[in-house]
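J.: A single structure is presented below for examination.
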Amino acid sequence: MWHDAGVSDERDDGRDLAAGNFSSWLTEVQGAIRGDRDAEVPCHGCTACCTSSQFVHIGPDETDTLSHVPQELLFPAPRMPAGHVLLGYDERGHCPMLIDNECSIYEHRPRTCRTYDCRVFAAAGIEPDPDQPLVAERARRWRFDFPTPFDRELHDAVRAAATHTAASSDGRSANPTGRAVRAVESHVEFLGRRDGRARSG
């Protein structure tokens, strides 16, 4: 998540949203997925991901984040090693750290928030979870630019990878976010293919 100070909220005006050049975005989001950098999403006041009843994973190594979140808001993450916790949401489905429509711990926010980029759904052609209509509405409005044929080829590869992961039995790929991230991670296998099958050799 990335919030621009002083920029008006674009959630409700219905306009398409500029997602950037596809190849540049893909390089950046891959870095965020690897943990090399934060995702820099042009949220422009949108808080859809903060208000969509999402559990936020916080790892035991995120000591700075953990020191800024009240312990009573955290609980052990199911099926994960000890020390991994989840930050829940309030009765409205809002992150409890969202105060007056702004992240109260922005400089100390969890890694999950630092790397989340809803443009991944638009890139992969995957609909977000139906229980997250605000995220879905935002994701549908992103429009990438394709300044070169290679940008198109990369986009085709991510879409092909997404088609492939839809049939995967991998638990990580079972949810829409996991499938979209997996498509970004594995798209190289599908470069030059439009039918969803990986290249051999």
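J.: Provide the gained length on full extension for the span Phe150 to Glu91, in nm with one decimal, where the gain is 0.36 nm per separating residue minus the Cα-Cα distance.
T.: Values: separation 59, 0.36 × 59 = 21.24 nm, distance 4.57 nm.
Once the chain is fully extended between Phe150 and Glu91, it gains 16.7 nm.
J.: In the Gaussian network model of the chain, springs joining C-alpha atoms below 10 Å, which of Pro147, Pro133, Pro42 carries the largest mean-square fluctuation?
T.: Per the Cα network of the chain with a 10 Å cutoff, Pro147 tops the list.
J.: Quick check for you: which residues of the range 88-114 have the amide N under 18 Å from the point 7 Å beyond the Cα of Gln71 toward its beta carbon?
T.: Answer for this model: 88.
J.: Rounded to the nearest 0.05, what FRET efficiency do Asp131 and Asn101 have when you use their Cβ-Cβ distance and R0 = 30 Å? Display every interim value, and only then the final one.
T.: On the way: r = 21 Å, r/R0 = 0.71.
That pair, Asp131 with Asn101, gives E of 0.90.
J.: In addition: Springs between alpha-carbon atoms under 10 Å, Gaussian network over the chain: tell me which of Ala82, Ala18, Ala124 tops the mean-square fluctuations.
T.: Ala82
J.: OK, next. Measure off 7 Å from each Cα along the Cα-to-Cβ vector at His108 and Leu191, then give the distance between these two points in nanometres to one decimal.
T.: 4.3 nm
J.: Taking the radius of gyration and the Kirkwood hydrodynamic radius from Cα positions alone, what is the Rg/Rh ratio for the range 17-190, to two decimal places? Could you put the intermediate results ahead of the total?
T.: Details: Rg = 16.4 Å, Rh = 17.0 Å.
Value, to two decimals: 0.97.
J.: If you don't mind, another one. Residue-wise, which Karplus ³J(HN,Hα) couplings in Hz belong to the range 47-57, taking 6.51 cos²θ - 1.76 cosθ + 1.60, θ = phi - 60°, and x for glycine or proline?
T.: Using θ = phi - 60°, the values come out as 10, 4, 5, 7, 10, 10, 6, 9, 7, 10, 6 Hz.
J.: Right, another one. Counting each DSSP H run of 4 or more residues in the chain as -39500 (n - 2.57), what helix-only mean residue ellipticity at 222 nm follows after dividing by all residues, to the nearest 500 deg cm²/dmol? Present the calculation step by step, with values, prior to reporting the outcome.
T.: On the way: 7 runs with 68 residues, N = 201.
So the helix-based figure for the chain works out to -10000 deg cm²/dmol.
J.: Report the longest stretch of the chain that contains none of the trypsin sites (Lys or Arg not before Pro) sitting in a DSSP loop with at most 13 other Cβ atoms within 10 Å.
T.: Numbers: sites that count: Arg15, Arg79, Arg92, Arg194, Arg197, Arg199.
In the chain, the maximal stretch lacking such sites is 93-193.
J.: Restricting to the chain, compute how many DSSP beta bridges are antiparallel as a %, nearest 5.
T.: Of the beta bridges lying entirely in the chain, close to 65 percent run antiparallel.
Bear in mind these aren't lab numbers, they're just calculated from the coordinates by the rules spelled out. Since this is a predicted model, take the numbers as computed values, not measurements. Heads up, the Cβs are rebuilt from the backbone with ideal geometry, glycines too, and the neighbour counts pull from every protein chain shown.
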